[in-house]
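All of the numbers you see were taken from the coordinates with simple rules; none came from a lab. No experiment lies behind these values; they were computed from the predicted model shown. Cβ placement follows ideal geometry from the backbone for every residue including glycine, while neighbour counts extend to all protein chains displayed.
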Amino acid sequence: MQRQSLGLRLELGTKRKVMKRILLALIAAAAFVQAPDLYARSQDLRQWTTPAGVRVLFLSAPEIPMVDLAIDVDAGSRWEPPARAGLAAMVGAMLSRGIRANGPLPAMTETQISEALAELAVQRGGSVTLDRASITLRTLSDADVRERAARLLSRMIFEPSFDQAILQREKSRTAAGLRESMTQPQSIATKALWRALYPAHPYGQQAAPETIDAIAVDDLVRFHQQHWQANRMRVTIVGALTEAQARAFVEQLFSAAPTNKAAGTQTHIPSRQHPAALNLRPAAVRQSIAHPASQSHLWLGLPGIARDDPDFFALTVGNYILGGGGFVSRLTEEIREKRGLSYSVFSAFQPLAQPGPFMMSLQTQKAKAPEALEVMEKTLKRFLQEGPTEKELKAAKQNLIGGFALRLDTNRKLLDNLAQINFYDMPLDYLDTWTSKVSRVTREDIRRAMGRVITPEQMSVIVVAGPEGFTP
């Protein structure tokens, strides 16, 4: 009898392991499943605000039995005190490191959390950027599985334990990573550029070993209480649910949220002006930083545009022609093809809640750094003065419009785009009208918009590992 019981337990355990592998394989494969036809379904987007002030954006995608979820919180690093730079990311990391007890609900260690997620075959992710903290979840649409996953995630978000010993471990790991990054020329250059562009704004703050070391449990608790509030969150869902099921799913996601009657139904709007006013024209910095690297790293930039800039599409097309189009860009033609100064060069806008940077960058041999910088600056000035040619404009539109479908060809990519729309209060038809707005951009639109945003004389220049005696 004991032998039969043991055999039965082993058989059941084996079946559970097999089923778990099947579920994990299904979830992993689903990441590559084609997204629903956006143009056939965009009118089916549903948006509502919960009584706690959470705005939800939902798209039913019944093709596969999966649910993809994103929770975006206005709790990015721009809300950190300067002396605690790195605090926002530390709070995000600590959410999965332990849950405190709450009435009949027991505390959970990070191991127990990990095992619970694995038992449900749930994929969880997270990130913290300048503007927002994000949590993603992928689960089966099975009612029991998704409810258990939602309630576990709710406890992680609203009932973190912030254990002192674990915090110390995470601080040591983070500080070690920062020390390593401080030896890398690319990291040195980008940090110096952000400091130059945002000298008195949180966008320019940099986490350092000393700011990480200064973080205490009280700092985590305070930041979490201030910024991880339900009405500062946006929820985006793409999956095999009905609207009624999605609404119930959201309720389960916020089952552990503290009741805040004062908040009422007011929806928090991610800030466009706070925590600090932004100087769009800081004094240009031209800095050379010594480094033993074999190649020079050149970065140029200035504050550019916010997410809601009215010239977004003209700037998108213009930047594609200038340096965002890879091997077909103007910068690549001048720097790589004609002169062989660098294997690759690029330019990019990074729109944020407040104006994010416009940047240009390349790597080159030390001796060629002065020439490469000169060509970059001359190419930019010429482009601003003359704008693109008709041939460049036509090719850019064809490439952008032709490649647009690749931005939406999986549920995960579709979720990312919808989450961005939800968080930044963009029009719900943004994706539907994207190609038509690109197609309407003219040469004059590009010349005017680029000239408005970019002033070459106000571009900061950072060169790491330049030739001896070179000052940009």
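Observations on the model:
- Integer Hz, Karplus 6.51/-1.76/1.60 couplings in order for region 438-447, x for Gly and Pro: 5, 5, 8, 5, 10, 4, 5, 4, 5, 4
- Fraction of beta bridges assigned by DSSP in region 38-263 that are antiparallel (%, nearest 5): 85 percent
- Counting only Cβ charges, +1 for Lys and Arg and -1 for Asp and Glu, the dipole size of region 38-263 around its Cα centre is about 420 debye.
- Applying 1/(1 + (r/R0)^6) with R0 = 41 Å to the Cβ-Cβ distance of D425 and R151 gives a FRET efficiency near 0.90.
- Whole-Hz ³J(HN,Hα) from phi, Karplus 6.51 cos²θ - 1.76 cosθ + 1.60, for region 190-207, glycine and proline x: 5, 5, 5, 5, 4, 5, 5, 6, 10, x, 10, 9, x, 4, x, 5, 10, 5
- Computed P(r) (all Cα pairs; the chain; 10 Å bins; percent): 4, 17, 25, 26, 18, 8, 2, 1, 0
- Neighbourhood net charge (13 Å Cβ-Cβ; Lys/Arg +1, Asp/Glu -1) for P310: 0
- About its Cα centre, the chain has a charge dipole of approximately 440 debye under the convention of +1 per Lys or Arg Cβ and -1 per Asp or Glu Cβ, with nothing else charged.
- Length released on extending from M182 to V217, taking residue separation times 0.36 nm less the Cα-Cα span: 10.0 nm
- Folded to 0 to 90 degrees: helix 369-386 orientation relative to the chain principal axis, Cα: 90 degrees
- Computed label-point distance, nm, for sites A107 and R46 using a 7 Å Cα→Cβ extension: 4.0 nm
- Modelled FRET efficiency - R0 30 Å, S344 with D142, Cβ distances, 0.05 increments: 0.10
- For region 179-224, the square roots a ≥ b ≥ c of the C-alpha gyration tensor eigenvalues yield an a/c of 1.5 or more together with a/b not exceeding b/c, which makes the shape oblate.
- Extended-chain gain in nm, criterion 0.36 nm per residue less alpha-carbon gap, Q458 and E337: 40.8 nm
- Within region 297-351, chymotrypsin sites (Phe, Trp or Tyr not before Pro) in DSSP loop having at most 12 other beta-carbon neighbours inside 10 Å: Y343
- Chain lengthening between F327 and A293 when straightened (0.36 nm per residue, less Cα-Cα): 9.7 nm
- A simple spin-label model places the labels of A248 and E63 2.6 nm from each other, with each point 7 Å out along Cα-to-Cβ.
- Among beta bridges that DSSP assigns inside the chain, antiparallel share in %, nearest 5: 80 percent
- Here r is the Cβ-Cβ distance between T442 and T471 and R0 is 45 Å; the resulting FRET efficiency, rounded to 0.05, is 0.70.
- Dividing the summed helix terms, -39500 (n - 2.57) for each DSSP H run of n ≥ 4, by the number of residues in the chain produces a 222 nm estimate of -13000 deg cm²/dmol to the nearest 500.
- Rough spin-label spacing in nm, given labels placed 7 Å along Cα→Cβ, for D432 and E371: 5.3 nm
- Charge dipole (the chain, unit charges on Cβ, about Cα centre) - positive-most of A107, F383, L428: A107
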